[in-house]
1. Can you find, within region 45-70, the residue that is modelled with the lowest pLDDT among those that are outside any helix (DSSP H, G or I) and more than 18 Å from His35 (Cβ to Cβ)?
2. If you take the residues of region 92-110 that are of a type in the set (D, E, K, R) and at pLDDT below 90, which of them is nearest to the chain's Cα centre (by Cα)?
3. Out of everything in region 1-33 that is hydroxyl-bearing (Ser, Thr, Tyr) and loosely packed, with under 14 Cβ neighbours inside 10 Å, what residue ends up being farthest from Val80 (Cα to Cα)?
4. Only one of Leu97, Leu49 is touching a helix residue (DSSP H, G or I) at 6+ places or on another chain (Cβ under 9 Å) and within 21 Å of Gly120 (Cα to Cα). Can you tell me which?
5. State whether the residues of region 18-31 include one that is of a type in the set (Ser, Thr, Tyr), farther than 19 Å from Ser89 by Cβ and part of a helix (DSSP H, G or I).
6. Taking the condition part of a strand (DSSP E or B) and either polar (S, T, N, Q) or touching a residue at least 12 places away in the same chain (Cβ under 8 Å) (or both), does Tyr98 pass?
7. Answer yes if at least one residue in region 6-13 is in a helix (DSSP H, G or I) and under 13 Å from the mean Cα position of the chain (by Cα), and no otherwise.
Amino acid sequence: MAKKLATRFNCPSEFALDVLGGKWKTVILCYLKYHSLRYAELRRLLPALSDKVLSERLRELTDKGLITKLPTVRGRGSAVYSLSARGRSLSKLLEALYKWGSKHAADFGVKVDEPLRRLGYRL
């Protein structure tokens, strides 16, 4: 069940982090920034994520108007997820987070995977 947003925040940054917060949401948004993807493609990119959690995160992002789910001609189970106009408005923020993470991960002793590159997607 999606967490209900608070109705009052101390600053706009707090609100933005509340909307984008939660494990996997920014990862999903980053992937969809580069490519529209089917559910199965997202599963392949996020092997540590259960079907239940992926479905919940996609539903939360759709409910908040950050992504769209478009059915394809193949019918059931072949919907394509992509950033909505509201989601695309996050592009510069997502790029900044990506660059910051790439630059500073080693400073924190962290290795960061780049599955989009590994799977042959062009960034």
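The values are calculated or read from the model by the stated rules, or taken from the named source; none is laboratory data. All values reported here derive from a predicted model rather than from experimental measurement. Positions of Cβ are backbone-derived with ideal geometry, glycine not excepted, and every protein chain shown enters the neighbour counts.
1. Once the filter is applied, the top-ranked residue is Ala48.
2. Among those that are of a type in the set (D, E, K, R) and at pLDDT below 90, it is Glu95.
3. So the residue we want is Thr7.
4. Leu49
5. No, the conditions are met nowhere in region 18-31.
6. The answer is no for Tyr98.
7. No, there is no match, as no residue in region 6-13 is in a helix (DSSP H, G or I) and under 13 Å from the mean Cα position of the chain (by Cα).
Every residue, every condition in (1) touching a Pro at 6+ places or on another chain (Cβ under 8 Å); (2) without any contact (Cβ under 8 Å) to a residue 40 or more places away in the chain; (3) small (Gly, Ala, Ser), yes or no:
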{"position": "Arg8", "(1), (2), (3)": "no, yes, no"}
{"position": "Glu41", "(1), (2), (3)": "no, yes, no"}
{"position": "Ser50", "(1), (2), (3)": "no, yes, yes"}
{"position": "Lys64", "(1), (2), (3)": "no, no, no"}
